[in-house]
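Read through the structure below, which is laid out as structure tokens, and then see the notes.
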Amino acid sequence: MTTALGELDLLLTDHHVHSTWSDDAVSAPLENLVAARDTGLASIRMVDHVRTSTTWVPGFLAEVSALPRIDGLEVLTGVEAKILDASGRLDVPDDLVVGPGGVDRILIADHQFPGPDGPWSPRRTLEEIAGGLSGEDALSILVDATVRAMERAGRGQLAHLFSLLPKIGLHESELLDEHVAAIAAAAVRTGTTVEVNEKWRCPGPRVVLALDAAGVSLVGSTDSHAATTVGRYSWVADAASATRLVGAR
């Protein structure tokens, strides 16, 4: 379900679904599971936000593990964490287990800009750009930090890649081919999947095509915070169809 780009593959996966284990979501894991079944998904990833201080991951995993099995529906787990700084350090608990006995993947999020001295809010980033940080340099810092975060996470997942850009006055069109190639190479090297995100409408067709051409595993994602949106795609469906028309395999 997560190999080459294909409209069917993307629309049968929802690999970024939040539950009440996140403080900004409203549906329990069981509600999300039922929604995934009713939408006809083949694979769902239950994901919630963590920080270095988070202690509830074992409880979350226990609840997901106890969910009823549904034939034909794969249930995966993950935690979503922001990139903390330019070194790619992630906002995850020190005792987080990834793999057997733990979560399946860390979702790497660009909620804030990974500055050299810690996470910068969009407002501070705009101020730094206004003060002389060039857009190209900002993009290079973000891309380098994302690559380093992939290396730290090991078989992670890039959550809503480049969703930060509009918040800091930049656009995907300003990415150099070298930026996109660096992301693709690191994703292949580390076994990182990249989601095509419905909520944030990213990454765009140019990046999706480049990632697919490089052999990056792509998955569909709603970033759902309520069961009513699990597996329900509009923008992702259009993006998949559009990229297929211009040569994606």
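The values are calculated or read from the model by the stated rules, or taken from the named source; none is laboratory data. Note that the structure is predicted; figures quoted are calculated from it, not measured. Please note: Cβ atoms are built from the backbone with ideal geometry, for glycine as well, and neighbour counts cover all protein chains shown. Areas reflect the complete protein model, heavy atoms only, side chains present, ligands, DNA and RNA absent. Shrake-Rupley method; radii C 1.70, N 1.55, O 1.52, S 1.80 Å.
Restricting the search to the stretch 145-204, which residues are surrounded by fewer than 16 Cβ atoms within 10 Å (Cβ to Cβ), at pLDDT 95 or above and not in a helix (DSSP H, G or I)?
Matches in the stretch 145-204: Gly169, His171, Leu176, Gly191.
List the residue pairs whose Cβ atoms are under 9 Å apart, where the first residue sits in the stretch 203-214 and is farther than 16 Å from Thr193 by Cβ, the second is open to solvent by 40 Å² or more (accessible area, probe 1.4 Å) and hydrophobic (A, V, I, L, M, F, W, C), and the two are 6 or more positions apart or on different chains.
Once the first residue is farther than 16 Å from Thr193 by Cβ and sits in the stretch 203-214, its partners that are open to solvent by 40 Å² or more (accessible area, probe 1.4 Å) and hydrophobic (A, V, I, L, M, F, W, C) give Pro205/Ala242; Pro205/Val246; Leu209/Val246.
Show the residue pairs that are 6+ apart or on different chains and have beta-carbon atoms under 9 Å apart, the first residue being within the stretch 127-140 and touching a residue at least 40 places away in the same chain (Cβ under 8 Å) and within 21 Å of Ala182 (Cα to Cα), the second being among the hydrophobic types (A, V, I, L, M, F, W, C) and exposed (fewer than 13 other Cβ atoms within 10 Å of the Cβ).
From residues that are touching a residue at least 40 places away in the same chain (Cβ under 8 Å) and within 21 Å of Ala182 (Cα to Cα), the pairs are Glu136/Leu176; Leu139/Leu176.
When only residues in the stretch 110-126 that are in a helix (DSSP H, G or I) and touching a residue at least 40 places away in the same chain (Cβ under 8 Å) count, which is most open to solvent (accessible area, probe 1.4 Å)?
Only one residue tops the list, namely Leu126.
With respect to the numbered conditions (1) of a type in the set (A, V, I, L, M); (2) in contact (Cβ under 8 Å) with a residue 40 or more places away in the chain; (3) touching a Leu at 6+ places or on another chain (Cβ under 8 Å), which one is the sole condition not fulfilled by Ala187?
Checking Ala187 against (1) of a type in the set (A, V, I, L, M); (2) in contact (Cβ under 8 Å) with a residue 40 or more places away in the chain; (3) touching a Leu at 6+ places or on another chain (Cβ under 8 Å), the one that fails is (2).
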